[in-house]
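**Student:** Just passing along the structure, written as structure tokens.
The values are calculated or read from the model by the stated rules, or taken from the named source; none is laboratory data. Being a predicted model, the structure only gives us computed values, none of them experimental. Reconstructed Cβ throughout: ideal geometry from the backbone, glycine too, with neighbour counts over all protein chains shown.
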Amino acid sequence: MKKVKNLPSALHAISIGQIIFDASEWVSIWGFMVHGGSSSRMDFILTFDQLNKLLRLSGEPGDKVQMLLVTELERYRASLNDGQQPVLVDLTEHFDGPVLFDTCRIEVSPTGIQDAGGQWRTDPNCLSIDEISPLIERAVPMLSVAAASRRNMEQCREVLIKLYELYLGYLEIGFDDDSALEKAELKDDLKFKMAYYSWQTRNAA
């Protein structure tokens, strides 16, 4: 497969304009990559689980997009189950433009496209998202052990609450319990219990 020069292997920021789902585990994204100080038009492909991870690690923008997707998937669930045409969620309509995600390290690799002669070459306009991880935090003033522990516990608690809310959202739109647990990354019994009690404690406060 012929390679295209200068495609990055990792990004720290992408903008998403449209998200396209079908009945498979794969999701397509139309948007932009931010690399080398400039923004370039780029499409991406990734799994549903990777998209969930990107949104979960992206703070408030990710939370807003995640709730929108749960609502949209509920509207179009019958179409997805019947294997009809893909569902397009246009973030630019809901958020007045593409949504920037810049709190993760996004590892990418080239995808292939077949030309008119049947030869495969690297597609310069589409990247595969292979792995997503949090950015390494910049140096901050040193906290005491007790303060750092409290901050870490609170951050863990907020993540667990978001996962439990996502689990409830999937139940509301008709996913069975096992599927909802898997998509919310709560298949582990201990993790589920911690998420439930964190959510219950916050709601009881």
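**Student:** Looking at segment 64-78, can you tell me whether even one residue there is modelled with pLDDT of 90 or more and assigned to a strand (DSSP E or B)?
**Tutor:** no
**Student:** Working only within segment 152-205, note down all residues that are among the small types (G, A, S), part of a helix (DSSP H, G or I) and exposed (fewer than 13 other Cβ atoms within 10 Å of the Cβ). Talk me through it step by step, then tell me what you get.
**Tutor:** The first filter runs over segment 152-205 and keeps only residues among the small types (G, A, S), leaving 169, 174, 179-180, 184, 195, 198, 204-205.
Imposing the further condition that a residue be part of a helix (DSSP H, G or I) reduces the set to 169, 179-180, 195, 198, 204.
S179, A204 - these are the residues of segment 152-205 that are among the small types (G, A, S), part of a helix (DSSP H, G or I) and exposed (fewer than 13 other Cβ atoms within 10 Å of the Cβ).
**Student:** Answer yes if at least one residue in segment 127-146 is assigned to a helix (DSSP H, G or I) and at pLDDT below 85, and no otherwise.
**Tutor:** yes
**Student:** Residues in segment 79-112 that are in a helix (DSSP H, G or I), at pLDDT below 85 and surrounded by 13 or more Cβ atoms within 10 Å (Cβ to Cβ): how many? Before you say what the answer is, go through the steps one by one.
**Tutor:** Within segment 79-112, the subset in a helix (DSSP H, G or I) is 79-81, 91-95.
Cutting the leftovers down to at pLDDT below 85 gives us 79-81.
Checking the rest, the ones that are also surrounded by 13 or more Cβ atoms within 10 Å (Cβ to Cβ) come to 79-80.
Number of matching residues: 2.
**Student:** Now a separate question. Would it be correct to say that F21 is at pLDDT 95 or above and surrounded by 20 or more Cβ atoms within 10 Å (Cβ to Cβ)?
**Tutor:** Spelling it out, it is not the case that F21 is at pLDDT 95 or above and surrounded by 20 or more Cβ atoms within 10 Å (Cβ to Cβ).
**Student:** Then there's this: Kindly check whether there is at least one residue in segment 1-10 that is at pLDDT 95 or above and over 13 Å from the mean Cα position of the chain (by Cα). Explain how you work it out, then say what you get.
**Tutor:** Step one: filter segment 1-10 for residues at pLDDT 95 or above, giving none.
Checked segment 1-10: no residue is at pLDDT 95 or above and over 13 Å from the mean Cα position of the chain (by Cα).
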